[in-house]
Structures are given as structure tokens and as C-alpha cells.
Amino acid sequence: MPETIVEHDGDPAPAAARDAPVRKIIHVDLDAFYASVEQRDNPELRGRPVAVGGSRERGVVAAASYEARRFGVRSAMPSVTAKRKCPELVFVRPRFDVYRAISQQIRAIFADYTPLIEPLSLDEAHLDVTTNLKGMPSATQIAEEIRARIKAETGLTASAGVSYNKFLAKLASDQNKPDGLFVITPKMGPVFVETLPVGKFHGIGPATAERMNRLGIMTGLDLRARELPFLVRHFGKAGTYFYWISRGIDHRPVRPDRVRKSVGAENTFNADLFEHGAALAELHPLIDKVWRYCEDRDIRGRTVTLKVKYADFQQVTRSRSLAAPIAARAVFEQIACALLEQLFPVTKGIRLLGVTLSSLNEAEAEKAEMTGQLSLGM
């Protein structure tokens, strides 16, 4: 599954919510979604290690089948590394239009049970079924029924986690993958978190986990032992989030109006780029693709970010934000090109370029919610 970014929505345990009724939350996660769709549609790929995206020589794996994962192939892994780990790996070009159509089909299944659906990406979502359209008292029964319908209507498998908050439901869905179901009850929650390595917490990435480890924080129990001021001092606003989830507490609501935070495109090249002119020529199609997408959906943003990955896989980003949303393509292009120019001359080749428009207007960005990161050259 493609990696997702947690958006910290402030204090997960605001005072007004701490005495709120216990919610019934389901997190549904399609198993190896992109790769499973390709195996479903092409019988020759079934049972074989499959990587969606990239190529044998260049590029990055967007998704890997479970057969490939057994060899250590993972999403975001350079294709050459994936091929070295699994010589029999089959690379397949992504079909995002197909993935989006299936995601919409699955979303329609969710909507039969609750209007409170918060998509996190094309292949996963949170559902609040505390009060549901079927009048079913058991969230576990609803999760089982949804999984069965997904299998019957799409031929794909999904894993689900059931709990009393979003954080724990997300953790639960990972426990019995693939094609599994796991429940974390209110009684289980705090104890379940205690023994979990902090690197397994949704919202704690590798870099943050490493910082925590250097501070002697290895598990949920270690995290819970730290005072709130200590966590805020070391991790900023995210420290408050970490403080509460280490106690199994997360009162953030399921937000059906959740909107995208950015729209971007990137490309990995067959040959490294060393000249400014060559890099500029490759940047223009990315600018065109992002701006065309935004124009079609009447989306505007204030922040332009340039992403560069060098031949040695070092990655750098450069950003510029304006006070008001960018209204013209020429301004978007000017900023992106200026960010690129700052990086030249280069001492090592560029293997990947990407450009992103973020700080989107929320009312307009809602229209973009269903589409994932745009990609070129995969």
C-alpha cells in the first residue's frame, strides 16, 4: 500500500470530547490494492511477484503484491533494488483511471452503511458506524459484511480494523493482513499500545521513530512515560498527538469533508540530468499536468514545492508560498522554474523531478479528494 501522511488535526483529546460516548470506528484497507487489481485483471500475473510502477532499470515501486513482499519488495523502493531482491519480479504500468473507478465502487458500498466516510487514499478509509444506516448494533458485523461485499462485487480482498477511535482502528487493520479482521476494544486499547514499537504507530515515520529511539522511547509504554511538555519540546505540536495516542486516546472525528492537501506530479528519468536546460524541459510537462488538473477542477493553491532526487537517491525539496492562491499558470511556472534554477549547477545527476501545488483552497480542493498523487513515466 502506498505510504500515507497523517495530518495532525490538533489535540486528539480536546476537553469537550473526553466525556463523549464511545464511538464505533472501522478502518478498511484494500490489500495490495494496485497490484491486486492487476492480478485480478490479468490471470497470468496471479501467484507471481508483481510491482506496479517503475521499470526494471529506473523508477520507483508504487505498489507490490504479497508475493513480491515476501522477497522484501516494498512501495517507494527503487526499481533496481526491488529487482535485485526479486529477480522474477514483473513490472506493470499503473492504470490510475481503473484504480479510481474501483475506489468509487467501494465507496458506494461504504455509503450503504454510513455517510461518515473519511477517505485516506484510493485504497483506505475510516467509517464511523456508531449510528449507521442499517441499524446494526455490531461494528464488527458491519466490517465483516463490507469485506464480503467488496470481495463479491470487485473480486478484491480488504482488511479491516474495528475500534473506538481512528488511531486504533488503523492499527487494528494491519494486524491480520491480508484479508483479515481485528478488533481492539476499549479495555484492550491502552494495553495494546503499550507493547507496540513506536515505529508502528500511524503518524510516526522512520525519522521521528529514530529521534524517539535516541531519546530512549522505543515502545508505546516508553512514550506514555514522557510528560506532555517534554514531548512538545522535542516534537512541537505533534507532541500533543503523541501524548494522547500513547494512552489509546483519540477523539478526532471521522471527517466526511476531508480534502486533499496537495496536487503533484513527478517523473523518474531513463538517464540522469546534469544540464539546467534538460531539467527545465522535463519540468514543463509536470507543470502542465498539475495545472491542467487544477484548472479542470477549479482548484488553486498558495505553495509551490519542487522535489529533486539525485542519482545517489539523496532527495531535496524547495518551496515558496504566496499570500494568495496562484491564479495563473504563468505564475506557477515562474515559481517552479525559479526553484529549479536555485539548484544549478549540480555536481551529481538528477534522476527524478517533481512539482506540487499545496495550501489548497479548501472549498475547491474538496473536488480533488478522490485522486491520488499524479505520476508520469512510471
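Considering region 241-268, and only residues there that are under 30 Å from L116 (Cα atoms), hydroxyl-bearing (S, T, Y) and not in a loop (DSSP other than H, G, I, E, B), the residue that is nearest to the chain's Cα centre (by Cα) turns out to be S262.
For the condition surrounded by fewer than 18 Cβ atoms within 10 Å (Cβ to Cβ), within 30 Å of P345 (Cβ to Cβ) and within 22 Å of the chain's Cα centre (by Cα), what is the one hit in A207, A238, A271, A281?
None of the other options fit; the residue is A207.
Considering each residue of region 51-61 in turn, at least one proves to be modelled with pLDDT of 90 or more, of a type outside the set (S, T, N, Q) and not in a loop (DSSP other than H, G, I, E, B). Tallying residues that are closer than 20 Å to P253 by Cβ and part of a strand (DSSP E or B) within region 147-185 yields 4.
Evaluation of I217 against the conditions (1) β-branched (V, I, T); (2) surrounded by 14 or more Cβ atoms within 10 Å (Cβ to Cβ); (3) assigned to a helix (DSSP H, G or I); (4) modelled with pLDDT of 90 or more shows that the sole unmet condition is (3).
This table checks each residue for (1) in contact with a strand residue (DSSP E or B) (Cβ under 6 Å, 6 or more places away or on another chain); (2) more than 26 Å from I26 (Cα to Cα); (3) among the charged types (D, E, K, R); (4) not assigned by TED's automatic domain parsing to the domain that holds E118.
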| position | (1), (2), (3), (4) |
| --- | --- |
| M212 | no, yes, no, yes |
| G216 | no, yes, no, yes |
| R224 | no, no, yes, yes |
| R233 | no, yes, yes, yes |
| Y241 | no, no, no, yes |
| D272 | yes, yes, yes, yes |
| H276 | no, yes, no, yes |
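Could you tell me whether region 198-208 includes any residue that is assigned to a loop (DSSP other than H, G, I, E, B), touching a residue at least 60 places away in the same chain (Cβ under 8 Å) and not assigned by TED's automatic domain parsing to the domain that holds L221? No: region 198-208 contains no residue that is assigned to a loop (DSSP other than H, G, I, E, B), touching a residue at least 60 places away in the same chain (Cβ under 8 Å) and not assigned by TED's automatic domain parsing to the domain that holds L221.
Filtering region 81-115 to residues that are hydrophobic (A, V, I, L, M, F, W, C), touching a residue at least 24 places away in the same chain (Cβ under 8 Å) and over 17 Å from S159 (Cβ atoms) leaves A82, C86, L89, V90, F91, V92, F96, V98. If you go through region 174-227 and keep only what is of a type outside the set (D, E, K, R) and on the phi > 0 side of the Ramachandran plot, you end up with G203, G216. The sole residue among E118, E124, E44 that is without any contact (Cβ under 8 Å) to a residue 60 or more places away in the chain and on the phi < 0 side of the Ramachandran plot is E44. Restricting A148, A111, A125 to those that are small (G, A, S) and surrounded by 19 or more Cβ atoms within 10 Å (Cβ to Cβ) reduces the list to A125.
Any residue that is surrounded by fewer than 18 Cβ atoms within 10 Å (Cβ to Cβ) and aromatic (F, W, Y) - is there at least one of those in region 290-309? Looking through region 290-309, at least one residue is surrounded by fewer than 18 Cβ atoms within 10 Å (Cβ to Cβ) and aromatic (F, W, Y).
For region 211-227, does any single residue satisfy the condition of being among the hydroxyl-bearing types (S, T, Y), under 23 Å from S121 (Cβ atoms) and within 24 Å of the chain's Cα centre (by Cα)?
No, because not a single residue in region 211-227 is among the hydroxyl-bearing types (S, T, Y), under 23 Å from S121 (Cβ atoms) and within 24 Å of the chain's Cα centre (by Cα).
Residues that are touching a Leu at 6+ places or on another chain (Cβ under 9 Å) and either hydroxyl-bearing (S, T, Y) or under 20 Å from I184 (Cα atoms) (or both) within region 118-130 comprise E118, E124, H126, L127, D128, V129, T130, listed in sequence order.
Assess whether Q104 counts as being at pLDDT below 95 and polar (S, T, N, Q).
For Q104, the condition - at pLDDT below 95 and polar (S, T, N, Q) - is met.
The values are calculated or read from the model by the stated rules, or taken from the named source; none is laboratory data. Fair warning: this is a prediction, and the values are worked out from it, not measured in the lab. Note: ideal-geometry Cβ built from the backbone for every residue, glycine included; neighbour counts use all protein chains shown.
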